[in-house]
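S.K.: Here it is, the structure, as structure tokens.
Throughout, read-outs are computed from the coordinates displayed, never taken from laboratory work. Everything numeric here is computed off the predicted structure, so don't read it as measured data. Reconstructed Cβ throughout: ideal geometry from the backbone, glycine too, with neighbour counts over all protein chains shown.
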Amino acid sequence: MALRRIVELGGVGVAVAVDDALARRIRSSALWGGAKDRPAPPPITAARTPAGGSLRERVARLTWYHSIPLPGGVVTPGDFDHRPYLEHYPIPARLDGVRVLDVATFDGYWAFEFERRGAAEVVALDIGRYGDADIQPSLRDRTDPAILAHATGAGFALAKEALGSQVRREVLNVYDLSPERLGRFDFVFCGDLLLHLMNPVKALERIRSVVRGEALLVDCYSPHLPGKVAEYRGEANRSVWWSVSRDCLRQMILDAGFSRVDLLHTFRFGHRGEKPWMWHAAFKARP
């Protein structure tokens, strides 16, 4: 029987479906209290989209983070459906002629939305495999290497194919982002990433380096924390490093080198089908 294991990595909760052979390896790994010996992970390979069958059948073979509307009334069954919350994200109604970067794209919902709004070029940034995420060493040590080596991008590739999209996916860690690698962008979007990073200010600094227009930064905050407070959450058994106050989040963006940071909106968001519970703040930042 195939095993499905949920692992929170790189800003997302990933449900990984594996066959019986891999399931036996995972059950004997540190995730189930097994041995900690680790072979070297294999090199990154391109994620494969399922071949054959209708679009609906191909979608059903994958695990999705984003709910993405596709042709023929098909919607990917993502853990998060942003469509009911679009009004809370202050994205320009039209992006004609604009060069856009979507940081930590995963299945690509936002990248495809920017393209739908007329962007001249959309680049979607993502890590190459789950193990490239910022994972606490103790959690990494307990995670089976087959999961860490699992290539990302299968959902993105299938959605891009179905939509006939021209969005370009770039495998690059946010810490390695630079104008020399990708150039500069008129509009940069980053959502729900910072709390999953060991060094969020460094990531924000790298994002700032490629902004020639403005950035829209949307992330979680705690309304229960006062002032400019950050609570360290690294002991948690998942890849969440920080809980921050709203003012702390704004100060982090400023400290990364942005000259002007404006709070545009706050709202609550949650898993698909559940009552919204996570507080989010949307900031517009200029270099």
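S.K.: Using Cβ counts within 10 Å as a stand-in for footprinting exposure, how do MET252, MET278 rank, fewest first?
M.R.: With the sparsest Cβ surroundings first, the list reads MET278, MET252.
S.K.: A further question follows. Where does the charge balance sit around ALA285 when Lys and Arg score +1, Asp and Glu -1, over other residues with C-beta under 14 Å from its C-beta? Please list the in-between numbers first.
M.R.: Numbers: positive: ARG206, ARG208, ARG212, ARG250, ARG260, LYS284, ARG286; negative: ASP186, GLU205, GLU214, ASP219, ASP255, ASP262.
Here the charged neighbours net out to +1.
S.K.: In terms of modelled amide H atoms, which long-range or inter-chain residues lie less than 5 Å from the amide H of VAL229?
M.R.: Long-range HN contacts for VAL229: SER245, CYS248.
S.K.: Sticking with this one: Under a point spin-label approximation (7 Å from Cα along Cα-to-Cβ), what is the LYS228-LEU254 distance to one decimal in nm?
M.R.: Simple spin-label model gives 0.6 nm for this pair.
S.K.: Expected output is a single nm value to one decimal: the length gained when fully extending between ARG168 and ARG117, i.e. 0.36 nm times separation in residues minus the C-alpha distance. What is it?
M.R.: Working: separation 51, 0.36 × 51 = 18.36 nm, distance 1.59 nm.
Result: 16.8 nm gained on full extension.
S.K.: Let me ask something else. Determine, for LYS202, LYS160, the number of other Cβ atoms within 10 Å of each Cβ, and report the residues in order from fewest to most.
M.R.: Details: LYS202 13, LYS160 22.
Taking fewest neighbouring Cβ atoms as first place, the list is LYS202, LYS160.
S.K.: Still on this model: Name the residues whose placed amide hydrogens come within less than 5 Å of the amide hydrogen of ASP134, ignoring near sequence neighbours (fewer than 5 apart) on the same chain.
M.R.: Result for ASP134 returns GLY10.
S.K.: Okay, next question. Rounded to whole Hz and in sequence order, give me ³J(HN,Hα) for the stretch 98-111 from the Karplus expression 6.51 cos²θ - 1.76 cosθ + 1.60, θ = phi - 60°, writing x for Gly and Pro.
M.R.: With the stated coefficients, the stretch 98-111 comes to 9, 9, 10, 10, 10, 8, 6, 6, 6, 6, x, 3, 5, 4 Hz.
S.K.: Determine the gain in length on full extension of the stretch MET278-ASP176; use 0.36 nm per residue of separation and subtract their C-alpha separation, reporting nm with one decimal.
M.R.: On the way: separation 102, 0.36 × 102 = 36.72 nm, distance 2.87 nm.
Contour length minus the Cα-Cα distance gives 33.8 nm.
S.K.: A follow-up question, please. Is any residue of the stretch 220-257 close enough, with backbone N under 13 Å, to a label point placed 7 angstrom from the Cα of SER138 along the Cα-Cβ axis, and if so, which?
M.R.: 233-240, by backbone N distance to the label point.
S.K.: Quick check on the exposure proxy: order PHE189, PHE156 from fewest to most C-beta atoms within 10 angstrom. Provide the component values of the computation, followed by the final result.
M.R.: Numbers: PHE189 23, PHE156 26.
Going from least to most buried by this count: PHE189, PHE156.
S.K.: Can you quote the Å³ per residue value for the convex hull of the Cα atoms in the stretch 128-287, rounded to an integer?
M.R.: 143 Å³
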